[in-house]
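Contents: one structure, followed by commentary.
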Amino acid sequence: MLQDSVTEAIATAFFEELASSGYARLSLEAVAKRAGAGKAAIYRRWASKLEMTVDLVSAVAADASGSADTGTLRGDVLAFLTEVADALNRRLPARIIPDLIAEGGRNPELAGALFTTVRDTRRAKAAQLLERAVARGELPADVDRELALDFLAGPLYWRLAVTHTPTAPDYLDRLADKLLAAFSA
C-alpha cells in the first residue's frame with residue numbers, strides 16, 4: 001500500500017501545483033518536490049505531463065457524476081446545479097478548470113484529450129437526466145438535447161468561473177426554474 005500513498009501524494013501535489021502555476025508552467029519536478037517523491041516516481045505512473053493531467057483530471061471529473069436521480073426533472077436539475085456550484089466554489093477547481101479550458105485553446109492535444117475524457121463523459125452523464133425526464137413524460141421526446149445540455153452547464157459556469165459573481169441563496173432554485181422553462185419551450 002506504500003505505492004498507493006505515493007500515488008495519492010503525487011496526485012494531491014499535482015492539483016496544488018496546477019492550481020498554483022497553471023498547466024503551461026506546471027513542471028513534473030515541482031510536483032515531485034511538493035509530493036516529497038522523486039521524479040522517477042511520476043514517470044513510473046505517467047509518461048508525460050499531458051498524460052498525468054488527463055488521467056488525474058479525468059478521474060476527478062468522472063467521480064463528480066452529475067447524474068443524480070431524484071425522481072423529478074426539477075430535482076435532477078437542482079442536484080446537478082448544486083454539484084457544479086459546489087465544485088466551482090472550491091479553491092482548486094475554481095482555479096484549475098478555467099486554466100485548463102484556456103490552455104486547451106492554445107494546446108490542441110490537451111484540449112482533445114480533455115474533451116474526450118472529461119467533457120464528453122460529463123455531458124453523457126448530464127444527458128441521462130434529460131432522458132429520464134423524457135421517459136417520465138416531463139419533457140417532450142423531441143426536446144433539443146444538445147441545446148438543453150448547453151443551457152444546463154452554461155449559465156452557472158459563466159457566473160462562477162468566468163465573471164466570479166457570487167450567487168444569492170435562492171439563485172440555484174431560480175436558475176433551475178428558468179432552465180425547466182427553457183427545456184420545454
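Condition first: touching a residue at least 24 places away in the same chain (Cβ under 8 Å) and among the small types (Gly, Ala, Ser). Now tell me which residues in the range 131-185 satisfy that.
Correct list: ALA133, ALA148, ALA153, ALA161, ALA176, ALA182, SER184.
THR70 fails exactly one of the following numbered conditions: (1) surrounded by fewer than 17 Cβ atoms within 10 Å (Cβ to Cβ); (2) assigned to a helix (DSSP H, G or I); (3) in contact with an Asp or Glu (Cβ under 9 Å, 6 or more places away or on another chain). What is the number of that condition?
The one condition THR70 does not meet is (2).
Answer yes or no as to whether ARG45 is more than 18 Å from GLU109 (Cβ to Cβ) and without any contact (Cβ under 8 Å) to a residue 40 or more places away in the chain.
yes
With the requirement that a residue be open to solvent by less than 30 Å² (accessible area, probe 1.4 Å) and β-branched (Val, Ile, Thr), what does the range 73-106 give you?
VAL77, VAL84, ILE96 - these are the residues of the range 73-106 that are open to solvent by less than 30 Å² (accessible area, probe 1.4 Å) and β-branched (Val, Ile, Thr).
I need the full set of residues from the range 138-166 which are within 19 Å of the chain's Cα centre (by Cα) and among the β-branched types (Val, Ile, Thr), in order please.
Result: VAL162, THR163, THR165.
If you scan the range 1-15, which residues turn out to be modelled with pLDDT of 95 or more and either part of a loop (DSSP other than H, G, I, E, B) or touching a Lys or Arg at 6+ places or on another chain (Cβ under 6 Å) (or both)?
Correct list: ALA13 only.
Report, by residue number, each residue of the range 73-102 that is among the aliphatic types (A, V, I, L, M) and in a loop (DSSP other than H, G, I, E, B).
none
Given the options ALA24, ALA40, ALA30, ALA35, name the one that is of a type in the set (A, V, I, L, M, F, W, C), more than 17 Å from LEU114 (Cα to Cα) and open to solvent by 40 Å² or more (accessible area, probe 1.4 Å).
Testing whether each residue is of a type in the set (A, V, I, L, M, F, W, C), more than 17 Å from LEU114 (Cα to Cα) and open to solvent by 40 Å² or more (accessible area, probe 1.4 Å) leaves just ALA40.
Of all residues in the range 107-143, how many are exposed (fewer than 15 other Cβ atoms within 10 Å of the Cβ) and either part of a helix (DSSP H, G or I) or not small (Gly, Ala, Ser) (or both)?
Here the count works out to 12.
Please indicate, with yes or no, whether at least one residue in the range 77-92 is free of Cβ contacts under 8 Å to residues at least 24 places away in the same chain, among the hydrophobic types (A, V, I, L, M, F, W, C) and in contact with a Ser or Thr (Cβ under 6 Å, 6 or more places away or on another chain).
Step one: filter the range 77-92 for residues free of Cβ contacts under 8 Å to residues at least 24 places away in the same chain, giving 79, 83, 86-87, 90.
Narrowing the set further to residues that are among the hydrophobic types (A, V, I, L, M, F, W, C) leaves 79, 87.
This time we only want the ones that are in contact with a Ser or Thr (Cβ under 6 Å, 6 or more places away or on another chain), so: 79.
Yes; the residues of the range 77-92 include at least one that is free of Cβ contacts under 8 Å to residues at least 24 places away in the same chain, among the hydrophobic types (A, V, I, L, M, F, W, C) and in contact with a Ser or Thr (Cβ under 6 Å, 6 or more places away or on another chain).
Which one of these does ALA47 not meet: (1) aliphatic (A, V, I, L, M); (2) open to solvent by less than 60 Å² (accessible area, probe 1.4 Å); (3) over 25 Å from HIS164 (Cβ atoms)?
(2) is the only condition that ALA47 fails.
In the range 48-76, which residue that is without any contact (Cβ under 8 Å) to a residue 40 or more places away in the chain and within 16 Å of GLY22 (Cβ to Cβ) is nearest to the chain's Cα centre (by Cα)?
Ranking the qualifying residues of the range 48-76, first place goes to MET52.
Identify the residue in the range 156-174 that is assigned to a helix (DSSP H, G or I) and out of contact with any helix residue (DSSP H, G or I) (no Cβ under 6 Å at 6 or more places or on another chain) and, among all such residues, is most open to solvent (accessible area, probe 1.4 Å).
TRP158
Just a yes or no: is a residue in the range 56-66 of a type in the set (A, V, I, L, M, F, W, C) and modelled with pLDDT of 95 or more?
no
The values are calculated or read from the model by the stated rules, or taken from the named source; none is laboratory data. All of these numbers come straight from a predicted model, not from anything done at the bench. Note that we place each Cβ from the backbone using ideal geometry, even for glycine, and neighbour counts take in every protein chain shown. Quick note on the areas: whole protein, heavy atoms, side chains included, nothing else; ligands and nucleic acids left out. Shrake-Rupley method; radii C 1.70, N 1.55, O 1.52, S 1.80 Å.
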